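Trainee: Attaching a single structure in structure tokens format; questions to follow.
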Amino acid sequence: MLPLPGKEHVDTPAMPRGDGAGFRRYLTRDMPAGFLVFLIALPLCLGIAVASGFPPIAGVFTAIVGGFVAALISDSELTIKGPAAGLIVIVLGAMQAFGYTGGEDASADLQAYRMTLAVGCVAGGVQMLFGCFRAGVLGDFFPTAVVHGMLAAIGGIIMLKQLPVAVGQKAVGDPLEILAHLPGTLSRANPAVSLVGMVSLVILFAWPYLGRRVATGVTRRLPAQLVVLLVAVPLAHWLGLSHGGDSSVLGVSYATNPSYFVSVPRRLAAAVTTPEFAVFSNPGSRSIAVFWVAMFAIVGSLESLLSAKAIDMVDPWKRKTTLDRDLFAVGVANVAAASVGGLPMISEIVRSKANIDNGGCTRFADLWHSVFLLGFVAIAPGLISSIPLAALAAMLVYTGCRLASPNEFVSVYRIGREQLLIFASTLVGVLATDLLVGVLIGVTVKFVVHLFNGLPPSTMFKPFLEVVELDEGTVRVDARGSAVFSNWIPFRRQLRQIAFDRGVDVVVNLEGTRLVDHSAMEGLRQLENEFAQQGRTLTVVGLESHRPLSSHPMATRKRRG
């Protein structure tokens, strides 16, 4: 039997921990934080599920399982586990590959749903193996610009697919087809549905600014998503959107239909759906299923690892998540969620950041957010049915805008023009093909850029390090060749072994390298923090002989001459 990945760091007494004592000690902070995350999570879980082609309640199932299962296995204290907008493209792609019709054929849609659940269940098992075989380190292989390009492309796809829904229409075709037909789609918009969607969007974009300037007390802590529901639900009711037939307000005519609202069963148990594992034994669907298992496992794991690492960086106590353990926990929870009809989950960064901002201290905040979700859907499912789909679509459009924000382009450009090229190549590649091919295009462009900068292929994958003794407690590591994304994993492993196995401080001399790329620069900065947490120091020297490709402190460095 494969062992559960263990901890790689030493606990500090001053750090809050998600154990029995921590549950009692931090209850007054974790429970309120969990409640506020629940207010954000509920509409997002419903919207992500609908956008993925799943029943709305499936997203809530995922968040509930994430808090009860993943949070108790992982040692990640502040991440919130649940469905994420970044996986919409993959889940919907799998549904469509299995014959999803978007509501035109209920039996075909149910079959596609159950087949996709089987894919999610097996992918969760693969993630468990990733964790046991310590594959969490692979999250460091992919260049930052490639990851950001992938996320920006996902954000663009989400916006394109959800804009029609926000105006009462359906999105048909791939992203570029939807973009081409968008003017016609908007010209057929339902005026009342559009009003709900546009008001929701205005609130989402304006609330953060209003909250900082005019809100006080309780209103400052109200999440924008909750404000949207408080406005959109009564507005849709006043417009009579659920009545059916035609209606008019202020002389404007429009169609009304219950299909403009979220549909959930009155009994929670009635929504439980089991996977159809025959998809793997049927020759006609086996290869399709295996492809989507790979997509679920690879992209889901990558997003989850990056989110966990990002939250560690803003953890007030600077605690470090054991990424292999966290990946194993997400895998277990994904198997459990898919077994009852849920979406795939990751460590979700927006809700995790909200958890920190609202005072969460331990992983029990994630548990409490799941408790509140379970209580709400069990006691008041009728309230969910009053939520207009246009409001949920607006939330996803807003999320997509944040993923594909112009600020992302500016930030990448400031690091270096070559980073913008890699970012843009990945973005276009994903939009024109699919996620996996787009990411491979971005990584390939990164290699080409390194070759253009004069880096020999022989130094791309293997670090060349020489240890020089300085004194009893310090060694110098002279690096030759390069320090780049493709050799960073063994580069970092050797530095860790030298420092922690021998109990010494390390000076890394990069004077002999021809190229130190942005990924390695970021990795060295993170490694400095990790050494400090372990009571050791890491000092980087030798970059004076290199020319930075931009003024950014983390820019790629190329040796002069």
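Trainee: Report, ordered by chain and residue number, the lysines lying within cross-link reach of K462, taken as a straight Cα distance under 30 Å and ignoring same-chain residues fewer than 8 apart.
Mentor: Within the straight-line cut-off, K462 pairs with K7, K309, K320, K446, K558.
Trainee: For F261, enumerate residues with amide H under 5 Å from its amide H, sequence gap 5+ or separate chain, H modeled in the peptide plane.
Mentor: Correct list: L389.
Trainee: What are the radius of gyration and Dmax of the stretch 409-452, computed over its Cα atoms and given in Å?
Mentor: Cα-based Rg and Dmax for the stretch 409-452 come out at 10.2, 27 Å.
Trainee: In addition: Could you tell me what percent of the DSSP beta bridges with both partners in the stretch 457-559 are antiparallel, to the nearest 5? Mind dumping the intermediate values first?
Mentor: Working: 12 of 25 bridges.
Here the antiparallel bridges make up roughly 50 percent for the stretch 457-559.
Trainee: Could I ask something else about it? How about the stretch 108-165: which chymotrypsin sites (Phe, Trp or Tyr not before Pro) there lie in a loop by DSSP and see at most 15 other Cβ atoms within 10 Å?
Mentor: Working: sites: Y113, F130, F133, F141; in loops: F133, F141.
Passing both the DSSP loop test and the Cβ count: F133, F141.
Trainee: May I ask you to sort K170, K320 by Cβ crowding, counting other Cβ atoms within 10 Å and putting the fewest first? Don't skip to the answer; put the middle values down first.
Mentor: Numbers: K170 11, K320 21.
With the sparsest Cβ surroundings first, the list reads K170, K320.
Trainee: I've got another one for you. Please enumerate, by chain and number, the lysines with C-alpha under 30 Å from the C-alpha of K170, excluding those fewer than 8 residues away in the same chain.
Mentor: K81, K161
Trainee: Here's something else I'd like to know. With charges only on Cβ, +1 for K and R and -1 for D and E, what is the dipole size of the chain about its Cα centre, in debye, rounded to 20?
Mentor: Numbers: 45 positive and 38 negative charges, 138 e Å.
That gives a dipole near 660 debye.
Trainee: When the Karplus curve 6.51 cos²θ - 1.76 cosθ + 1.60 is applied with θ = phi - 60°, which whole-Hz ³J(HN,Hα) does each residue of the stretch 436-448 get, with x for Gly and Pro?
Mentor: Going residue by residue, I get 5, 5, x, 5, 4, 4, x, 5, 4, 4, 4, 4, 5 Hz, with x marking Gly and Pro.
Trainee: If the convex hull of the alpha-carbon atoms of the stretch 415-561 is projected onto planes in all directions, what is the mean projected area in square nanometres? List each step's numbers first, then the result.
Mentor: Working: hull surface 37.1 nm².
Mean projected area of the Cα convex hull: 9.3 nm².
Trainee: Tell me the volume per residue, in Å³, of the convex hull enclosing the alpha carbons of the chain.
Mentor: Values: hull volume 95.3 nm³, N = 561.
It comes to 170 Å³ per residue, whole-number rounded.
Trainee: All other residues with a Cβ under 9 Å from the Cβ of L549 taken together, and with Lys, Arg as +1 and Asp, Glu as -1, what is their net charge? Don't jump to the answer; show the numbers that get you there.
Mentor: Working: positive: R417, R547, R557, K558; negative: E418.
Neighbour charge sum, excluding L549 itself: +3.
Trainee: Where both residues lie in the chain, what percent of DSSP beta bridges are antiparallel, nearest 5?
Mentor: Numbers: 21 of 34 bridges.
If I count the DSSP bridges inside the chain, around 60 percent turn out antiparallel.
Read-outs: derived from the displayed coordinates by stated rules, not from any lab. Being a predicted model, the structure only gives us computed values, none of them experimental. No Cβ is skipped: glycine too gets one built from the backbone with ideal geometry, and neighbour counts run over all protein chains shown.
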